Structure formats: structure tokens, C-alpha cells
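For reference, the structure is listed below as C-alpha cells.
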Amino acid sequence: MKRDIKGISRDLDDRRNNDIVYKKDKLFKMFNEDPDLKDVLGVLEPKPLNEYLDVDNPTEEELKIRQEIIEYNEKIKHDQIVPFLKLNGLQKEVLNFVMFDVRDDGVDYYNDTMKKQYIEVMCVVHEDDMETEYGIVRTDLLDYIVRDLLCWTNALGFQVVLEEDRPYILDADYYSRRMRFAIKTPNLVNKHMGRNNKYDSFKF
Amino acid sequence: MITLDMYQSMLNVKGKNLSQVRQYNSAMVMNTTFIGDIGYKRVYILDKNEGWRYEDAKYSKHATPSILKDAVDYYLQFRPRIHYPVGTYVFIPNDEDYEIGFEDYEPTDPFKDENFDVNKLWMIVGKNDANEFVRYNIIKCNWNFRWIARINGENKIFNIWGSVRNANSYTSGVWDADYSTALDNVTNAWIPDTYLLYEDDLYNYNLCDSRYLRHEHRFMLTHNKLDPKVYTVTKVQDLVPQGIIKLTLKQDELDEVRDNVDLMLCNYYNGSGEIVTKQESHIDDTARSYLWSAIVDEDGILQRNRTQDKVLHIAKISYFNVEFFLKNKLQDLNAEWRIDYNGESDLSDEEIEHLCNLLVMRQIDKTTISIKPAKTNKLIGEKFILSVQDSNGDYASSVELEVQK
């Protein structure tokens, strides 16, 4: 058997290459496009720019204020929907996050073409920001939105089932709720190739 | 002729035994030569009974600096038999001039005086119980601690001068947990126990009661307004030495919603962006204020809404701007906003508070705010009053708003 490794050509931008990449991409879009998730996460709206009295001749004060607003709008840009279970570095402001990842955990006992896959979602909230204007704890409200989006959905291929939903203390400053959704999915890299590796060539 | 009896009578005046006589004589010498010493300073000190007064003192420091501590020991010695409690504020002239800045008068509140110089403000932190010529340890006050505390149901701003000290913190400054990284830094602070020292007289001297500084209170200890450093009180030791409260402070994050960086006050706003302290109002008839609604155009620029919109929509942001005029001249003032319920009177206080909390207010700049009603149908049809005034209460305006879908 020869394996033509040098001739490998991949389109790394194609999300469908790998089911984990595909599902995480779908989840990321799903969370970002939800109209309420970012609001409950406390994603700050950028400040509107100040108006110049004379558009062609703004004063120094007006330009200074405009620059401060632009800097502020840059500063508040944070990735609060994170596609892995780790916050990078020091979070110096009070921020909340939804983190998620996908893991495969075993194949089916009778049919190893099917595997059990888990989607782990953590809603991480800073202790100073636990209260929402609704009087509902922020972790619970985020939990509701995530479950509303994912529970029993077929958007990721097979049906997603919520298996676990528990509170979790991360450290002195953060609390979270951690959800685990299970999905049974084919254990295949490429559905057209089935249980074969495409680089295995049986030419001699 | 001096007789033995005369000599004995003289000695009896000065003391019951020879030791006391010698102490009396040496105190007399100290008193007489006091202002001749090179370390002599005329200090301004706060006495419990007499208020601020001038006092003679000798200023000295430990000759050899210690690398084990964060400061050299400084001492103050008063005339014989003159004592002040630990925790007392004292102004001491430095090498720049012989006086403390208000030598021609005696201000009753030197902290608010225009000649106040923090570089001359010290605090007594220890007493050396020597046999004679008692010396006091003093440290320089280097920070004005400001915080908000609740008294009788009202939030008030407190401030007290004290000293930020170094604390041994054998960490890198951050701590890595399983999923996150947190700040891990401590520092110390010493402040006087004002109620122990002055009791109710502290209000006569315009001091704040330091007993209202408790665990979880937060300060901004920083000169950097671009990246302010915030600390939380985690330990309060007020027993020993009597008169000084020692605080341990752990670094915390800035809360962009609740903390006011311009005023260097933490927890100035509540979660909805409203100022938590009560503002006194006294409307001035010559002052005018105009409250406008504003919209953001397609270029992202905020512009006044000429149609004066009085409607809020759920889950949508509305902007409001105020202008303060005095005799037709635009004033540069900070606006303070407030939302009150103006609907059915048969709702309970908790229900009204809940409805008001559903309107999330955010300060955009000195005179502009945004309001975003929460995404709930409960708000549809409800009416609120949005009011604004300046920090002195000279200007005031209000408008009724109704929430629609």
C-alpha cells in the first residue's frame, strides 16, 4: 500500500472538513446572531460620536472628545463569545463570557461508526455583575438562552440532548453554569469515504 | 543665708524625691531650650478639645534607613508633659519653608483651605513610652481615601486622609485558575480611627467617621485615569494600636458601569447607571436647562432629535441630552439623571422598583445618557419621568416617557 502524503491538498478554510470544526462554527454563528445573548452578556454598546458644530472646522475640544469616544469604542471590543474553554490572560474589566467546545467521548458499543459527542457550554459571569435588570441571576438567564437555542435542536445534524446543567465556581471572581449536550453522530471524517482513509491507496 | 530647711522646701516643690527633682530640672532645661533645637517645628495639630491649634514640636528621623521596611522612622516630640493620642493629624513644615502655609490665621478646616499642602500632612501612629521626653512615631499621609457608605438608609460619600503602605505580596500579580486568570495583589493602608479620637466632635472638625469603612468597600488607588487600579478592603484591624485602623486591600477590577473614574469613586452608580447618593436640589430661577432626545445618524454621530421623542421602545436604545444655560450662556456642568415611575399608584414599592430597574441607563458623556428598556412586554404602556439636574441642584428639567413595543 502506498500513501501519497506529498500530494495532499486541503482547503483549510472549508468548515466541513471536520465535524468538530463545522459544529463549532455553527455554534459560534448561532450565539452571535442571537438577538438577546449579547445583551444579557452585557456586551457594551459603542458610544455615538459627538456632533461638530461646524462640520468643516471642528474645534480642538470637539476633536479631543471625538478621539476619546473612538478610543473608548475600541477599548470595549471584547470577544465575549469564546470558542474554547479558557479565558486568555487577565480580564481587567468586569466582563461575562459564553465559552463552548466540542469533545468526542467514545464510540457506540455495537457500532463504532457512531460516536458520542458532547458540546460543553459554560456561561461565565463576574461576581460584580450577577444581577440583571430582570431580577434574574445572569448565569441562569444565559443558561436559559443557550438551552433555548440548543436543546433538542437538529441544527447540528443529529438531535442535541441536554445531559447535564450544573453551577460551577471558577475562582474568587467568576461563577458559571456548565451545560453538557450530547449528540450521537457518525464517526467519519468524510461521509463519502466512509470507514476508509482517503490517503490510503491500494495501488502497488 | 540658705539653710538646709530652705533647700528642702525648694526640693519639695519640684518633687517628692531626688529622682523627681532631677526629672523636673531636666524638663525645665528641655522647655527652655526647646525652640533652640535645629529640629524645632511649629506644627498645626488637631486637638480633641481645642480643635486645630499651633504647637511646638521637635522633628527627627531615624538616622539609618532600613531596607526591611517601606519607610524610615520619623519622630515628633512635644514639650515635656504635652501628649496627643495616636491617630492625630498634624501639619509639619518641611524644608521648603519654616511654616505650613496658613501661619497668619488658624483655619478651622485646613483640609479645605486653599493653602492646604498634602506634603505637610502627617499622622501620629505610635508612642514611645520613654521615661522622659516621649517621642511619637509619625507617617506622612499620602492618599485621600474616598468611598460611599450607607447611613440611615442614605448613601453618602466619605473621605479620609491616610497613608498607603507597602505590603509584602509574594506573587506575580496574577493567579491562574482552571479556566480564568485573576488579579492577585495586595497593599496596606493606615487611617486614623476618627470616632475613637474625637467622638461626636469629629463632625465639628468636618471629619468623616472611619467606622463606616468596612469589608468589601472599594477604592481607586491610582493616578492613572486611563487604567485605574481598584482595591477592595479585605481586612480591617482597628484594635492595636488604638487610634489607627489598619486595612489590607486586595486588587480588584474596575467596574465600568458602577465606578466613576472622573471622581475617583467606586460604586458611584448602581447597576442601572443611576447615581446612588442623594443630590440636594435648589432651583435657581435665572438658570435654564433644556432636555432633548437624540438619535444616532447613519454615520454614528449623535444628533438632537428635533421632534422631541417621548417614547421608549423595548430592547432599543434611546438617547437624551441636556443643556444648561445661565443668562443665555451654555454652562459646562455634569448632569445627574434619575428615572421615576409615573404610572398606576396601586403597585407596590417592590413592583415599582422592579419596573424602574428594567430601564437600563448608561452615561455617555457629561450631559448625555442612553436608556434601553429591557426586553419584556411588562413595560409596554408604562410611563416614567426622566429628570436631570446639575450636581449643585441649580438646574433641573424633566420629561415624561412612555414605553412602547
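Legend: distances between Cα atoms for A:Lys47/B:Lys378; A:Lys26/A:Lys184; B:Lys48/B:Lys127; pairs beyond 19 Å are A:Lys47/B:Lys378. Tell me, rounded to the nearest percent, the portion of alpha carbon pairs in segment B:33-140 spaced more than 19 Å apart. Tail of the P(r) past 19 Å holds 43 percent of the pairs. By a 1.4 Å probe calculation restricted to protein chains, B:Ser397 has an accessible surface near 20 Å², given to the nearest 10. Leaving out ligands, DNA and RNA but keeping every protein chain, what accessible area does B:Arg79 have, in Å² rounded to the nearest 10, with a 1.4 Å probe? Roll a 1.4 Å probe over it and B:Arg79 shows about 50 Å². For chain A, the longest principal axis of the C-alpha atoms and the axis of helix A:19-33 are separated by about 20°.
Of the two radii for chain B, the radius of gyration is 1.12 times the Kirkwood radius, both from the alpha carbons; that is the Rg over Rh value. Just check segment B:287-404 against the gyration tensor rule for me: Cα atoms, a ≥ b ≥ c as the square roots of the eigenvalues, rounded for a/c under 1.5, and otherwise prolate or oblate depending on whether a/b exceeds b/c. Oblate is the answer for segment B:287-404, as a/c is 1.5 or above yet b/c matches or exceeds a/b. Highest mean packing comes first when the peptides B:211-219, B:244-252 are listed by Cβ atoms within 10 Å, giving B:244-252, B:211-219.
Taking only the alpha carbons of segment B:1-94, we obtain Rg and Dmax values of 18.3, 61 Å in that order. Solvent-accessible surface of protein heavy atoms, probed at 1.4 angstrom with all chains present, puts B:Lys61, A:Lys47 in the order B:Lys61, A:Lys47, largest first. The angle separating the long axis of helix A:60-75 from the principal Cα axis of greatest extent in chain A is about 30 degrees.
In the protein assembly as shown, the DSSP-assigned H stretches of four residues or longer account for a calculated mean residue ellipticity at 222 nm of -4500 deg cm²/dmol, using -39500 (n - 2.57) per stretch and the full residue count as denominator.
Largest accessible area first, the residues B:Tyr341, B:Tyr395 order themselves as B:Tyr341, B:Tyr395 under a 1.4 Å probe with ligands, DNA and RNA left out.
Between B and A, buried accessible area summed over both sides at probe 1.4 Å, in Å² to the nearest 100? Using a 1.4 Å probe, the pair buries roughly 3200 Å². Mean partner shielding of peptide B:172-182, defined as the number of other chain Cβ atoms within 10 Å of each residue Cβ, is 6. The solvent-accessible area of B:Ile385, taken with every protein chain present and a 1.4 Å probe, is close to 50 Å². For the protein assembly as shown, dividing the convex hull volume of the Cα atoms by the residue count gives 290 Å³ per residue.
Plainly put, segment A:64-186 has a radius of gyration that is 1.09 times its Kirkwood radius, both from alpha-carbon atoms, as the Rg/Rh ratio. Sequence-distant contacts, meaning Cα pairs under 8 Å at least 6 residues apart, place the relative contact order of chain B at 10 percent.
Among B:Met10, B:Met30, the order of accessible area from largest down is B:Met10, B:Met30, computed with a 1.4 Å probe on protein heavy atoms.
How big, in percent, is the set of alpha carbon pairs in segment B:147-222 lying more than 22 Å apart? Roughly 40 percent, rounded to a whole number. For segment B:62-212, just say rounded, prolate or oblate: build the C-alpha gyration tensor, square-root its eigenvalues into a ≥ b ≥ c, call rounded for a/c under 1.5, and beyond that prolate if a/b exceeds b/c, oblate if not. Cα axes put segment B:62-212 in the oblate bin.
The values are calculated or read from the model by the stated rules, or taken from the named source; none is laboratory data. Quantities reported herein were computed from a predicted structural model and do not represent experimental measurements. Here the Cβ is made from the backbone with ideal geometry for all residues, glycine too, and neighbour counts use every protein chain on show. Calculation scope for accessible area: heavy atoms of the full protein, side chains included, ligands and nucleic acids excluded. Shrake-Rupley method; radii C 1.70, N 1.55, O 1.52, S 1.80 Å.
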